[in-house]
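I have placed the structure first, in the form of structure tokens, so that the comments after it can refer back to it.
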Amino acid sequence: MNSRPGRLGVGIVGAGRVGAVLASALRATGHAVVGASGASEETRERIEVLLPNVPVLDVRDVVERSELVLLTVPDDVLGDLVAGLARLGAFQPGQLVVHTAGRYGVDVLAPARARGAIPLAIHPAMTFTGTSVDLSRMDGLPFAVTADPPVLPIAQALVVELGGEPIVLPEEARPLYHAALAHGANHLVTLTSQAMRVLTAAGVSDAGTLLTPLLSAALDGALRGGEVTLTGPVARGDSGTVAEHLTALAGIVAADPALVDVPETYVALARATVQRALAGRRISEPAATRLLDVLDPVTDPATDHEVESGGPEVVRTVAQLRQRRESWNEPVAVVMTMGALHEGHLELVRVARTLAPRVIVTIFVNPLQFGAGEDLAAYPRTLDADVEALGREGVDLVFAPPESEMYPDGAPQVTMTAGHMGEVLEGADRPGHFDGMLTVVAKLLHLTRADIAMFGQKDAQQLALVRRMVSDQNIPVRIEAVPIVREPDGLAMSSRNAYLDEAERTAALVLSQAVAAGAQAAADGGTVDDVLAAAQRILDERDRDLVRPSYLELVDEHTMTAWGERHPGGRSPSRALLVVAARVGATRLIDNAVVSWPLQEEAR
Ligand code: AMP
């Protein structure tokens, strides 16, 4: 024990970096270090350097010999250690038992307290090197201090004795305190090293030198002024720049997969920064929404697919799309979809692949083409599954933009107008639908600069309107139509089929059966009237509780004008389109069939 009065005999259990330094500081103020435990070579060396002549003892001996026990073991072994020592009867009444684990208060020392010891928790807000350098850092160093109220002054005095500044924390605040320190200090190291690795990837030879003034100023500013000092693209609401960053970061990950942690960290921190900038009223809500859209984690599957499974690359921003598109010189086909992909969509993709060496699929639920009360919000969105399916089809690029990328200023002011052809049939039931559809198709044609654009015959009026727009507006693209893909029982595939319950699914078959019956009537030599009557007969057999027809018409497939009762001159056309629409339950479904008359009919 200690020969000098008023001084304590100090024992250290686990003379790691913190323990050895604290003990050394206590020794410097006149206390005696009576023993230290520590099995590793490194610990023994540290004891020799920082605590010369202190005997290395086993744990129990250290505890039994000391008036002040410093438990400086890793946080996760502390509880078991204390319980074990208590079972051995190592603690004594009045003994000061001090631990330095950040996340615990004194409850973890309950077994020692039960033996009459005085439990204290101190935690220096500092990382230690385990060398004498740390001793000079101790001056004024904040220490979190937790203790039972009557003995709190002892813990505070101990910290003052070490040269530190006690900051009292209640038991329950310790985990949060520790989380804050780890988040701030440890993650700052991760963040800084990421910035250095990216700079190195960019060819900067001394990233540390380059970053030092900027990061030092940022840290200094943040510590003094909080978020007021925030600068950069997020604080300016500059989503375009953020998008460029993401593209660039995705690019370096492609070149060096070891950097894969960087983009996700960037996204996470940028999202948090957006929230803080919004809370501090530094950016507006629309600006925040635009930023968050760019940062939407749906980009992650994109990176994953690209890096891990070799699936298609998924891009979310116009800038990323442009960049990819510009890297291709060969012809490009585009398949525009609203997602929730099924075999019908995939057939378009397959045909596209036979027509062009590069295939882009766009997935965008275009709000402009949904009317009030339609299913915009409920429309099925299954991006992960879609991307996976497109990967199997060998698609090169998926463009899945958020709304804010397509319409950064809200609804566009200058739009396409479908004209009369957009006001009949579907257009009569869905005012504005085709204007919205054409507006987004035009945008996507411009963005993808596709040579070929694929459209399904299923949406025949859409197909006719797109052809008309391309012709009227001289858009340099070839439109290719793909026949309707059907379920084995004939139902035309549609993303909206997912809405149907079993009874509706069965009832919905009248649509395909009606147009098939009409087509058969023409093949059998029937007139226009016969065709319509054959189709109507099937519709009349519908389940009237579930199916509400909207229209059944025979139209010109290019103009969507009805053939009327008789073709002028009393002849049947050689070819027309039989179109039908109905609400099945709450779900609006459409179908059609090409109706062609045998040649002799024309000659008749
Ligand atoms: P959507 O996702 O419904 O906008 O459809 C995207 C494209 O796929 C459009 O050109 C549709 O005409 C086409 N499409 C949808 N369903 C089918 C189908 N059953 N058969 C052929 N093409 C389809």
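Summarise the accessible area of the chain (1.4 Å probe, protein heavy atoms) by the percent that is carbon and sulfur. Can you show the working numbers first?
Details: 15100 of 28140 Å².
Percent of accessible area from carbon and sulfur atoms in the chain: 54.
Can you sort H178, H558 by 1.4 Å-probe accessible area, starting with the largest?
Working: H178 55, H558 115 Å².
Highest to lowest solvent-accessible surface, that is H558, H178.
Taking amide H as placed 1.01 Å from N in the peptide plane, the amide H of I12 sits under 5 Å from that of G35, A36, S37, L70, each at least 5 places away or on another chain.
Listed values for the range 35-46 are Karplus-derived 3J(HN,Hα) couplings in whole Hz (6.51 cos²θ - 1.76 cosθ + 1.60, θ = phi - 60°), namely x, 9, 10, x, 8, 6, 4, 4, 4, 4, 5, 5, and x replaces Gly and Pro. Here the chain is treated with +1 on each Lys and Arg Cβ and -1 on each Asp and Glu Cβ, and its dipole about the Cα centre works out to around 1460 debye. Rounded to whole numbers, the Karplus 3J(HN,Hα) couplings from phi for the range 422-430 are x, 9, 9, 6, 4, x, 5, 7, 10 Hz, using 6.51 cos²θ - 1.76 cosθ + 1.60 with θ = phi - 60°, and x at Gly and Pro. Against the chain, whose longest principal axis is taken from its Cα atoms, helix 285-294 shows a tilt of about 90°. Working from Cα positions, state the angle (0 to 90°, nearest 10) between the long axis of helix 509-523 and the longest principal axis of the chain. Taking the Cα atoms of the chain, the angle to 509-523 is about 30 degrees. To the nearest 10, the accessible area of L96 is 20 Å² with a 1.4 Å probe. Among the protein heavy atoms, those of R65 account for about 110 Å² of accessible surface (1.4 Å probe, every chain in place).
Amide H to amide H, with H built 1.01 Å from N, S550 comes under 5 Å of A581, A582, R583, counting only residues 5 or more places away or on other chains.
Express the relative contact order of the chain as a whole percentage, based on alpha carbon pairs under 8 Å and six or more residues apart in sequence.
Working: 1030 pairs, mean separation 43.1, N = 604.
For the chain, the relative contact order is 7 percent.
Taking Cα atoms, how many degrees apart are the long axis of helix 239-255 and the longest axis of the chain, rounded to 10 and kept between 0 and 90? Value to nearest ten degrees: 80.
Backbone geometry of the range 120-125 corresponds, through the Karplus equation with coefficients 6.51, -1.76 and 1.60 at θ = phi - 60°, to 3J(HN,Hα) couplings of 9, 10, 10, 8, x, 7 Hz, x marking Gly and Pro. Legend: calculated FRET efficiency, S550 to I475, from the Cβ-Cβ distance at R0 = 30 Å, rounded to 0.05, equals 0.45.
A cut-off of 5 Å between modelled amide H atoms, ignoring neighbours fewer than 5 places along the same chain, links V595 with A576, L577, L578. As a length-normalised measure over Cα pairs under 8 Å and 6 or more apart, the relative contact order of the range 177-300 settles at 24 percent.
With contacts taken as Cα pairs under 8 Å at a separation of at least 6 residues, the range 495-603 carries a relative contact order of 31 percent. Farthest towards the positive end of the charge dipole of the chain, among the residues I452, A378, A36, is the Cα of A36, using unit charges on the Cβ of Lys, Arg, Asp and Glu. Per residue, the accessible area of the chain comes to 47 Å², computed with a 1.4 Å probe over protein heavy atoms only.
The values are calculated or read from the model by the stated rules, or taken from the named source; none is laboratory data. All of these numbers come straight from a predicted model, not from anything done at the bench. Cβ: placed from backbone, ideal geometry, glycine included. Neighbour counts: every protein chain shown. SASA here: full protein model, heavy atoms, side chains in, ligands and nucleic acids out. Shrake-Rupley method; radii C 1.70, N 1.55, O 1.52, S 1.80 Å.
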